[in-house]
Structures are given as C-alpha cells and as structure tokens.
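Each remark here refers to the structure printed beneath this line.
The values are calculated or read from the model by the stated rules, or taken from the named source; none is laboratory data. Remember, it's a predicted structure, so these values are computed and weren't measured experimentally. Positions of Cβ are generated from backbone atoms using ideal geometry, with glycine treated the same way; all protein chains shown enter the neighbour counts. We work out accessible area using only protein heavy atoms, side chains counted, and drop any ligands, DNA or RNA first. Shrake-Rupley method; radii C 1.70, N 1.55, O 1.52, S 1.80 Å.
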Amino acid sequence: MLEKKSVVIAGGGSTYTAGIVMMLIENQDKFPLKTLKFYDNDYDRQKIVADACEIIVRERAPEIEFISTTDPEEAFSDVDFVMAHIRVGGLPMRAMDEKIPLKHGVVGQETCGPGGIAYGMRSIPGVIELVDYMEKYSPDAWMLNYSNPASIVAEATRILKPNSKIINICDMPVAIKKGIADIIGLEDGNDIIDRYYGLNHFGWWTEMLDKEGNDLMPQIKEHVAKWGYGPAGEANDNPLLEEASWMDTFLKAKDIYAVDPETLPNTYLKYYLFPDEIAAHSNPDFTRADEVMANREKNVFAECRRIATEGTAENTTIEAGEHAEFIVQLAGALAYNTYERMLLIVENNGAIANVPNDAMVEVPCLVSKRGYEPLAMGNIPYFQKGMIEQQVAVEKLVVAAYLDKSYQKLLQAITLSKTVPNATIARAILDDLVEANKDYWPTLN
Ligand SMILES: NC(=O)c1ccc[n+]([C@@H]2O[C@H](COP(=O)([O-])OP(=O)(O)OC[C@H]3O[C@@H](n4cnc5c(N)ncnc54)[C@H](O)[C@@H]3O)[C@@H](O)[C@H]2O)c1
Ligand SMILES: O=P(O)(O)OC[C@H]1O[C@H](O[C@H]2[C@H](O)[C@@H](O)[C@@H](O)O[C@@H]2CO)[C@H](O)[C@@H](O)[C@@H]1O
Ligand SMILES: [Mn+2]
C-alpha cells in the first residue's frame, strides 16, 4: 500500500489545471491522494476551474478531499507537493510580451528573446512568493514548477532560494519524444531512453535508444531531415499538431536539424537560429496569446462551466496529456523512490563538463526519494557551447537586473539575446516593455 500524499496546485485557475486533475485521478493506483487543493490569487478565475474539478473529483475519486482557496495558509499547510504553474500578468500580459518586440521587427515569444525576459521579470517575485509559502507552511514539501520562463525562474531560485526543494521543469522534450514515438511506431515516448543537454527551451539530443538499447537515432534522423518532427505527409494524429502554429514549429525542426545533423534539436531553437524569418512571418496584431485565449482558454473554461451547470462531468472532453503526465510522474518518483530518468532543469555542477558550474541546465536526472541526481553529459561541441554560454549570460543578466533594479543590466540582457539584432533596437524594445510592465516590475534605476 502506497502512503497517500497531499498536493496543492498553485495557479488553480490555469488552463492546465483540469488536465492535471484528470491525470491525478487516473493515477490513484500509482500516486494516491489524501487531499487535493487549488491555490490562486484570482478567486473568480480559479472558481471556474474549481467548480468543475470539485465535481470531477466527487464523481471519480470521492475519497480525495478537495479544497479550493485563495488563502496561502490554508493552501500550503499539510501538503507534500506544490505543483506550480502561475502566469503573472495573465495572458493579456503575454500578448504584450509578444507584440512589443514584434513592433520592432524582433521575435515576440512567451519564453524566448525580449518577451521571455519581460515575463521573467514578472514571474520571479510570484514564484519566490510561492516558495516562501511552501517553506512556511509545509517545509518538507517539494515544489514542482512549470511557471515560465523556466530558465530565468530557475536561475532566480538558484540565487534566492539555494536550499529550497524546488524542481523547475518543462514538458517540451516530453512532447517532442511523444511525437517521435508516434513517427517511429513506438507506443510510448517514455520508452525512449535519451541523452540530452542544454538550457530550458534550448537543448539538443545526442542519443535516443529503445528499451533494449537499440539506437533509434538513424531512423529518427532520416525522418527529421525530411519532415522535422511533423508527420510524414498529411496524416496526423497528434492533437498538439491540430493547431497550425504548433505544426509549423514541429516542421521547422527540419531546418534546425540541418544546422547540426549530429544531434536532434529542441523546437524552441528556431527562435534563436531563424529570428528574422520567424518575426517576419508573425502577425503583430494576433499573436500566440490571442490564439490561446481564443482556443485553449475559451474551450477549457467553456467545458468547466458546462460541467458546473450540468452538475456532472460524466462525458467531459477534458483530457490529461503529456504535460500532466510528466508532473504526476515526477511527483510519484520523488514520493515512492522509483529512480525514473527524467529531464530536469538543475544547477550544472559538471553535468555538462565544459559549461560553467553555476548555469541552470536541462539534463537527464535520476529521481528518487533522495531528490534528483543529474547524469554527466560530458563535453559538448563549440557550436552548442557558444550558444549556451551566450544564453546563460542573458538569463543571469535578467536575474541580476531584477535584484539590482538595473535598467543597464536589462538592456545588456536584451542586447545579448541572439534574437535581437542590435543595441538600438534592444533599447527601444526595453523602453516599451518598461512602460507596459509598470504594474509588475520593480522600478529600474
Ligand atoms: N514549463 C513548461 O514546459 C510549461 C508548459 C505549459 C505551461 N507552462 C506555464 O504554465 C503557466 C500557466 O499557463 P496558462 O496558459 O495555463 O496560464 P493561465 O493564465 O491560464 O493560468 C495561470 C494562473 O496563475 C494565476 N496566477 C498568476 N499570478 C499568480 C500568483 N502570483 N499567485 C497565484 N496565482 C497566480 C492566474 O490567476 C491564473 O489563474 C504559465 O507560466 C505557462 O508558461 C509551462
Ligand atoms: O503557446 P502555448 O501556450 O500553447 O504553449 C506554450 C508552451 O509550450 C510548451 O508546452 C506544450 C507542451 O509541450 C505540449 O505537450 C502540450 O502540453 O502543450 C503545451 C503548450 O500548450 C512549452 O514546453 C511550454 O513551456 C510553453 O509554455
Ligand atoms: Mn517548456
């Protein structure tokens, strides 16, 4: 019998919360719950999701106590895990992060380039506040953090909370591996044993093996050289790729791969390797944030309201995808000592031998009750080392700018980003971002 655990989802009103609840319920044999709580600082938004999830829990796992609250003490007391996915400033501020750089002809993206930097400046205090609540009310708990931009948040927690039990994570490699499994006819992306190195949204695979140890790379590379991570031809049964923007991203892996055919890339590298092309093909009046508000947010909230009105979730369309699977699997590995191998964002300390020890890198780790143990990825080639060191400097400058309230350091961070062509444009973007973020950022001097 596994000991029951208690979880608080911070960012209860997130578009991803209901999917995680479905996954938790489906995994009661592997990760049994005593209490499930929601915490958010927006009562009305959280209530939409909570009213539906209360019904889902009551119908499918009535033994779980369900609590939804905006009170930090109630939320963070007596929990074993904090699953965090907050978005400080919400999707409307994401739209600003995307549109302001685009106005200057630069990539407008949630986690990459100036938009990611702006979002990082908003996220740092929000995530640190969650860590403080956890340490005050449940000092033995683990925080599993999805809140973006995960690289900048990870660097901030490294500096501000060096001893805290926080693990920053990303589902993109998991989603790519799922896509690859579909392509090569493997049932489950988890059956691919990989070696990968880099930063969050900035990494490369050097090895993919099946469970018997057979090398899958030649077959995958042959496909990626023709189709990227997209399906061959028209056929597609990956729900993520139903959205044209995700399909474009998966197809673009072909061009990223061509830059270094020794490795397989993370899709986010497109923003660093083809920034002018990506910016030129973006619509500055309707960006990904608008698409998410028009699709995922609208659909998830409509379904939650339908469940609440009908009083039943019997035929719900809410599904748990790989995003939910990964965080629940990670919690299970920490709780029950499974020693599963997972990609996590951790302090380098030699995992990538020729990258500074104090970089926050994304590498495979063994996860158990002891926490996580990064695996050594060895030395990496000049190309990746050069790109990584530039991007690490960007991320460190952002955190330094936040801590020192420094306009100059933030200007340097934006100027150094590979997505930004020059310091004049960097300054113009920064001045617009300062204005747009005046309710969120510290006043810069
Ligand atoms: N790391 C990854 O790979 C990954 C994958 C998917 C999503 N995400 C991240 O998950 C987060 C949620 O995404 P979403 O699209 O569902 O956003 P969302 O805006 O729908 O939900 C975020 C929720 O956080 C709440 N919130 C904001 N600031 C808060 C604070 N200080 N304290 C408590 N609650 C707060 C909001 O009220 C909202 O309900 C984002 O940061 C997104 O980038 C990360
Ligand atoms: O533009 P969005 O909000 O749809 O996506 C941004 C996030 O993209 C990645 O997450 C994917 C994930 O890879 C996929 O499995 C599925 O769950 O959809 C997610 C996005 O909807 C990325 O890893 C995140 O960091 C981004 O926030
Ligand atoms: Mn991610």
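Counting only residues that are in contact with a Pro (Cβ under 7 Å, 6 or more places away or on another chain) and in contact (Cβ under 8 Å) with a residue 60 or more places away in the chain, which one in segment 117-136 is farthest from Glu277 (Cα to Cα)?
Looking at the filtered set, the residue picked out is Tyr133.
Does at least one position in segment 63-85 carry a residue that is touching a residue at least 60 places away in the same chain (Cβ under 8 Å) and aromatic (Phe, Trp, Tyr)?
Yes, segment 63-85 contains a residue that is touching a residue at least 60 places away in the same chain (Cβ under 8 Å) and aromatic (Phe, Trp, Tyr).
Confirm whether Ile159 is in a helix (DSSP H, G or I), open to solvent by 50 Å² or more (accessible area, probe 1.4 Å), at pLDDT below 95 and more than 23 Å from Ala331 (Cα to Cα).
Criteria not met by Ile159.
When you scan segment 144-165, how many residues do you find that are away from ligand 1 (no atom under 13 Å from the Cβ) and touching a residue at least 24 places away in the same chain (Cβ under 8 Å)?
9
Out of the strands (runs of 3 or more DSSP E) lying entirely within segment 1-102, which hold 2 or more residues that are more than 16 Å from ligand 1 (Cβ to nearest atom), open to solvent by less than 40 Å² (accessible area, probe 1.4 Å) and modelled with pLDDT of 95 or more?
Ranges flagged: 5-10, 33-39.
Cβ-Cβ under 9 Å, sequence separation 6+ or interchain: first residue in segment 210-227 and closer than 13 Å to Glu262 by Cβ and open to solvent by less than 30 Å² (accessible area, probe 1.4 Å), partner part of a helix (DSSP H, G or I) and not β-branched (Val, Ile, Thr). Which pairs?
Val224/Ala253; Val224/Lys254; Val224/Tyr257
The rows are residues; the columns are (1) in contact with a strand residue (DSSP E or B) (Cβ under 8 Å, 6 or more places away or on another chain); (2) aliphatic (A, V, I, L, M).
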site	(1), (2)
Leu343	yes, yes
Glu347	yes, no
Ile388	yes, yes
Lys409	no, no
Leu416	no, yes
Glu435	no, no
Pro442	no, no
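Determine which member of the set Lys136, Lys178 is within 16 Å of ligand 3 (Cβ to nearest atom) and open to solvent by 50 Å² or more (accessible area, probe 1.4 Å).
It is Lys178.
Residue by residue through segment 165-179, note down the ones that are away from ligand 2 (no atom under 13 Å from the Cβ) and of a type in the set (Val, Ile, Thr).
Ile166, Ile167
Can you tell me which residue among Asn354, Asn348, Asn295 is polar (S, T, N, Q), open to solvent by 10 Å² or more (accessible area, probe 1.4 Å), more than 18 Å from the chain's Cα centre (by Cα) and under 25 Å from Asn200 (Cα atoms)?
After ruling out the rest, the residue left standing is Asn354.
So that you can scan it fast, the table gives a plain yes or no per residue for (1) away from ligand 3 (no atom under 16 Å from the Cβ); (2) modelled with pLDDT under 95; (3) not β-branched (Val, Ile, Thr):
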{"residue": "Lys165", "(1), (2), (3)": "yes, no, yes"}
{"residue": "Asp171", "(1), (2), (3)": "no, no, yes"}
{"residue": "Asp182", "(1), (2), (3)": "yes, yes, yes"}
{"residue": "Ile193", "(1), (2), (3)": "yes, no, no"}
{"residue": "Asp215", "(1), (2), (3)": "yes, no, yes"}
{"residue": "Pro218", "(1), (2), (3)": "yes, no, yes"}
